[in-house]
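Read-outs: derived from the displayed coordinates by stated rules, not from any lab. These numbers come from a predicted model, not from an experiment. Cβ coordinates were reconstructed from backbone atoms using ideal geometry, including for glycine residues, and neighbour counts include every protein chain displayed.
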Amino acid sequence: MSCSLNLRSISYKKGDKYILEDINFDLDHKEKIAIVGQNGVGKSTLLKIIAGLKIATNGEIEIFHNKIKYQNDFEKYRDEIGYLPQDVSSFFLCITVIEDIMFSLLTLGIKKEEAYKKSIEMLKRLDILYLENRVIYDLSGGEQKIVALAAILIKEPKILLLDEPTNALDKKSENLILDILNKIDKSMVIVSHDKIFIEKLASKVYNLENKSLTEIRLS
């Protein structure tokens, strides 16, 4: 099976202290894996390294079998890697839902009429068409998470990196996001504390502890 992502001997040092050491794993094409662990062990840091938002101190990353040597090398994959941060409050660049989702397409050079059409289709697909003209900052936390996910998915990335996608959401919003992600046929790395959510979504689970990553089985 072809791989979307390979990490080899990744380490990350903050100040004089290593947060991550000798991290290795492969993400196969359209595979969904989860990373669990206690607060503060470096899960979000690892996800940001994969996304190209932080630079590993040591080690090597391959994306679609292409080696990433410098941070600038991530630029060619920006639209193929969709990163959803844990806190999406600063994610948005426009006032209304439809404007923000359209903006993702307008930056790719897609004409306004076509961007609007595709954005409406995405809202329908995620069952949130009723939010079309709502002001984003008037939405609930769950609604904002789903709108942020829509803005990512509209660009059709090949890899999704999701940091605590159900954190602080009500059960309805959590179930909606779970349903959306289960229907998406893409490679995913999900950081989450939610064991039930992970069991329903991920095919492989890693535990980050003592700076190292170990594959585990969820009972």
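Before moving on, here are some points about what is shown:
- Once mean projected area of the Cα convex hull in nm² is calculated for the structure shown, the corresponding label among (i) 10.7; (ii) 16.2; (iii) 12.3 turns out to be (iii).
- Three semi-axes describe the equivalent ellipsoid of the range 43-172; taken as square roots of 5 times the Cα gyration tensor eigenvalues and ordered largest first, they are 28, 18, 11 Å.
- Normalised contact order of the chain, rounded percent, pairs of Cα under 8 Å and 6 or more residues apart: 29 percent
- With Cα atoms, 0 to 90° folded angle of helix 112-125 axis to the chain main axis: 70 degrees
- Under 18 Å from the Cα of Lys32 - lysines, other chains or at least 8 residues apart: Lys43, Lys48, Lys158, Lys183, Lys186, Lys195, Lys200, Lys204
- Placing unit charges on the Cβ atoms of the charged side chains and taking the dipole of the chain about its Cα centre, the candidate lying farthest along the positive direction among Tyr83, Ile55, Met102 is Ile55.
- With the biggest extent put first, the Cα atoms of the range 95-156 measure 31, 21, 17 Å across the principal axes.
- Ranked packing of 205-215, 49-59, most packed first, by mean Cβ within 10 Å: 49-59, 205-215
- Cα centre as origin, Lys/Arg/Asp/Glu Cβ charges: the chain dipole, Debye: 220 debye
- Viscosity 0.890 mPa s, 25 °C: Kirkwood-radius Stokes-Einstein D of the range 65-105 over Cα pairs, µm²/s: 196 µm²/s
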